[in-house]
1. Among 152, 228, which comes first, second and so on when ranked by fewest other beta-carbon atoms within 10 Å?
2. Once Lys and Arg get +1 and Asp and Glu get -1 on their Cβ, which of 56, 17, 137 lies farthest toward the positive end of the dipole of the chain?
3. When a/c is below 1.5 the answer is rounded, else prolate if a/b is larger than b/c, else oblate, so apply that to the range 21-136 with a ≥ b ≥ c taken from the square roots of the Cα gyration tensor eigenvalues.
4. Along the range 41-54, what does the Karplus equation 6.51 cos²θ - 1.76 cosθ + 1.60 (θ = phi - 60°) give for ³J(HN,Hα), rounded to whole Hz, x for Gly and Pro?
5. With axes computed from alpha carbons, what is the tilt in degrees of helix 106-115 against the longest principal axis of the chain, rounded to the nearest 10 within 0 to 90?
6. Looking at the chain, send over the antiparallel percent of its DSSP beta bridges, to the nearest 5.
7. So what J values fall out for the range 67-75 if you push phi through Karplus, 6.51 cos²θ - 1.76 cosθ + 1.60 with θ = phi - 60°, rounded to Hz, Gly and Pro as x?
8. Once amide H atoms are built 1.01 Å from N in the peptide plane, which residues 5 or more positions from residue 50, or in another chain, come under 5 Å H to H?
Amino acid sequence: MIRPALSIVIPCYNEAACLDLLHARVSAAAQAAVGADYEIVLINDGSRDESWPVMQRLAAADPRLVVINLSRNHGHQLALTAGLDLCSGAQILIIDADLQDPPELLSDMRAAMTAQQADVVYAVRRTREGETAFKKLTAAVFYRLLDRVTDTAIPLDTGDFRLMSRRALDAFLAMPEQARFIRGMVAWVGFRQVPFPYDRAERHAGETNYPLAKMIRLALDAVTGFSTAPLRFASHLGLALTAASLLLFLYIAIGFFSGSAVAGWTSTMLVVVLLGAFQMFVLGMIGEYLGRLYVESKRRPLYLVADVVGPIQGQATLGY
Ligand code: UDP
Ligand code: MG
């Protein structure tokens with residue numbers, strides 16, 4: 001297999017107005033970084049505009065351009081996955097089609113990768129041009145909440161704009177899960193990952209393809225994919241309720257023995273409170289098992305080897 005030194009993977013949804021300039025700027029950046037030894041992979045994610053004809057026109061004139069048409073709109077994360085699966089470069093740059101992430105940073109990102117011997121150089125947004133206050137606020141809150149509930153450390157204010165090594169990408173591609181939060185999955189892979197601060201530009205043309213509903217879906221994939229905290233919440237609540245109901249039980253018992261309780265109130269309250277607490281606790285227990293079952297069902301590799309010194313005889317089947 002002949003690998004180009006660099007693959008640039010770009011998911012596109014209704015980006016017809018950006019594609020010509022995108023192609024020109026990305027090609028120039030790639031040329032400056034690795035000469036002619038690169039490929040650009042564009043994925044058309046079921047666009048409703050002229051994106052696909054434009055891509056075909058560009059591909060007809062540029063042998064370094066690979067264009068892929070998905071059967072329908074699969075969403076940003078799956079479109080990107082398709083491109084990552086089909087690209088073949090030794091290094092892989094992920095970038096958005098709308099030129100919010102400047103392709104000209106490529107050379108500096110490659111330099112950072114070499115200098116710091118990193119497998120992933122992820123771009124961190126220092127500032128965000130031309131995005132609404134609402135988008136900036138929800139993004140800031142989301143990244144911070146996510147950081148609190150997840151077990152994997154997912155970098156703050158980081159999108160999918162990043163440079164990856166082939167081994168990091170191959171490790172990522174070994175994760176078969178359906179609900180994909182790519183920046184989290186790449187963080188999970190490990191190896192050496194270093195930040196690269198940049199200023200995010202305004203969209204070149206068109207408007208965001210991430211309305212609130214899509215952002216919420218991405219946020220849910222992020223939380224459920226990387227944390228079982230919501231499941232654990234039920235058992236914590238159950239424990240707290242059990243403790244509270246014991247206190248209430250004391251109060252009711254005192255009322256009963258001092259004769260100040262209304263007839264029938266004691267037994268009704270006791271049954272309601274204890275049953276409620278107990279149900280919550282059992283639900284929480286089920287949640288604990290369900291959470292583990294869920295983690296298992298993802299069938300991720302159990303470990304990843306970074307380096308090996310000396311010969312090994314065994315054949316790895318659980319790791320990667
Ligand atoms: N995108 C995609 N499929 C979708 C939505 C978006 O492939 O269903 C692509 C889009 O073309 C762009 C990237 O994902 O290259 C990021 O989308 P967008 O710029 O709309 O998001 P924002 O920058 O506003 O968060
Ligand atoms: Mg954008």
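Every number in this text was worked out from the coordinates using simple rules, so none of it is lab data. For clarity, every value in this text was computed on a predicted model and none was experimentally measured. Counting neighbours? That spans all protein chains shown, and the Cβs are built from the backbone with ideal geometry, glycine included.
1. Starting with the residue having the fewest Cβ neighbours, the order is 152, 228.
2. Value computed over the given set: 137.
3. In terms of gyration-tensor shape, oblate.
4. Calculated HN-Hα couplings, in order: 10, 9, 10, 8, 8, x, 4, 9, 9, 8, 3, 5, x, 4 Hz.
5. Approximately 70 degrees, to the nearest ten.
6. Taking every DSSP beta bridge with both residues in the chain, the antiparallel ones total about 25 percent.
7. Running phi through 6.51 cos²θ - 1.76 cosθ + 1.60 with θ = phi - 60° gives 10, 10, 10, 7, 5, 6, 6, 9, x Hz.
8. Excluding prolines and chain starts, which carry no amide H, the hits are 16.
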